[in-house]
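Some notes on the structure that comes next.
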Amino acid sequence: MLRYPSLRAPLDILFLLCCIALTADVLVPEIWGNGKTKDYPLWFWAGQQVLQGKSLYPDNPATYFDFIYPPLSALLLAIPSYFGKIPLYLCLSFLNIVAWWMTAQYSHAMAGSGHKPGPWLEALPGFVTVTFVFDMFDLGQPNLVLLALMLYGFWLLRDRRGWMAGGMFALATAIKVFPVAVFPYLIWRRQWASAASMLVFLVVFLFVLPAPFRGFQHNVTELKNWYQGMVGSSSEKGFGQRDEQNWCWVNQSIIAVTHRLTRPVNYNQDDPSKPVRTMNIVDVDFKTANLIVLAVSLLIGLGYLAVMPPASRRTEKSDAEEIGILFCLMTVASPLARQYYFLWLFFPMTVLMHRAAYDPRPAVKAATWALLAVAGLLLLLSLPVFPNDLQAYGNNLAATALLTAGLVWHILDPAPAGAAAALPEATSGLQIHANTTAHN
């Protein structure tokens, strides 16, 4: 089912034109304008720090960090940075293009419908998430590449290549930490090889690989400073070096929305020129708000475990829905979940679109399309034409919750056995791994 773009397919040509336009958004300001802004100059700076043997983080973890990612990220950026800004920016754009295409390919292949989608269904998830993709190119963030790595990891798991899958999960985690949430899932599903591989490769990516270039002791010191500044710092003001973003409207994580609803925090704190605005419905202290976050997270986690089918009842469809829920939870469980983080809803939406298109029950198909439409409308509230107050209440978080509910519904109420076999357009190129997943 996986394929390359074709110049004979009109929608593939549209994809390539979009990629050219998005790459131009990155390169044109740098070549003919005043220079590309957003995170791109920071990536070049980080790469140059590695090339010049300089430190990435201040010696004092309480000091403001310009670069907030693990050292491996800077090491990877150093390679294209050696050739200058334009090669670096072109390399990052190319990675985003490949990741965008492969994300769509893996999402449809692992949707579990047993059908090869037609051209319009194949293009639909990319169309509804195009604003998130634009953010990836415009900002220079790696979330799209991380999504492709995670999907590739689950693709490898389907083929029982657990050690390679663990390497993909570890690489994503070593670049930007929040994909580490996949580890408890691997343990629960007894994917021992993948879990062990993830730990081994994390050690390799964080300690072994940077050592020849940064020096072992220097790298360990930087990792310690990074951990203390990013992971080990948390207070009523905020966490992870970006206090002004933690509680404000741009953050739609479970943690941030819960604190905004339970404490009188200013959700306009990212802009001192704006008036102070709060939205809390109760007024509790910081410690109590954290306990509420813990309780909510625990209930969500236990609910997830409750709906996961036992190994004897696992199918390719249920696995797709299960992993789709995992991607939803990983997105909102990240302490900082800005707008572009919700690109990770690409796979859950693809799974639900396949259910809406191919479920043999007309009422279920109609209800699934309606659910997707409501989720899409909630996501649209993030467009600049709408007030930030709507986003402060967590429109993306609500959309994620709705998609999760749809996936749970399909797990608990699957199509009758054998009904899907009567549907047309059975996929010839998609391998069915029901026996494999049941065994695992």
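Read-outs: derived from the displayed coordinates by stated rules, not from any lab. Note that the coordinates shown come from a computational prediction; the quantities given were computed from them, not determined experimentally. Note that each Cβ is placed from the backbone with ideal geometry, even for glycine, and that neighbours are counted across all protein chains shown.
Things to note:
- Reported to the nearest whole Å, the Cα centre-to-centre distance from region 250-308 to region 33-88 is 32.
- Computed on region 1-130, with alpha-carbon pairs under 8 angstrom and 6+ residues apart, the relative contact order is 27 percent.
- Straight-distance crosslink candidates among lysines, where the alpha carbon sits under 22 Å from residue 287 and sequence neighbours closer than 8 are dropped: 237
- Gaussian network model of the chain, springs between alpha carbon atoms under 10 Å - residue of 319, 138, 413 with greatest fluctuation: 413
- With the simple model of a label 7 Å out from the Cα in the direction of the Cβ, residue 413 to residue 31 spans 5.4 nm.
- Packing rank of 39-49, 99-109, where each peptide gets the mean count of other beta carbons within 10 Å, highest leading: 99-109, 39-49
- Cα-based shape type of the chain, given that a ≥ b ≥ c are square roots of the gyration tensor eigenvalues and the cut on a/c is 1.5: rounded
- Full-extension gain in nm, residue 54 to residue 42, via 0.36 nm per residue minus C-alpha separation: 2.9 nm
- Distance violations [Cα-Cα > 24 Å] among 85/274; 116/176; 116/317: 85/274; 116/176
- With the simple model of a label 7 Å out from the Cα in the direction of the Cβ, residue 305 to residue 120 spans 4.4 nm.
- Contact order for region 125-272, expressed relative to its length and based on alpha carbon pairs under 8 Å spaced 6+ residues apart, stands at 12 percent.
- Once the chain from residue 297 to residue 181 is taken as fully extended at 0.36 nm per residue, the excess over their C-alpha distance is 40.5 nm.
- For region 10-439, relative contact order (Cα pairs under 8 Å, six or more residues apart, normalised by length) works out to 18 percent.
- 0 to 90° range, to nearest 10: angle between helix 71-81 axis and the chain longest Cα axis: 90
- Loop sites in region 158-189: trypsin sites (Lys or Arg not before Pro), DSSP, at most 11 other Cβ within 10 Å: none
- Listed by Cβ neighbour count within 10 Å, with the fewest neighbours leading, 341, 393 appear as 393, 341.
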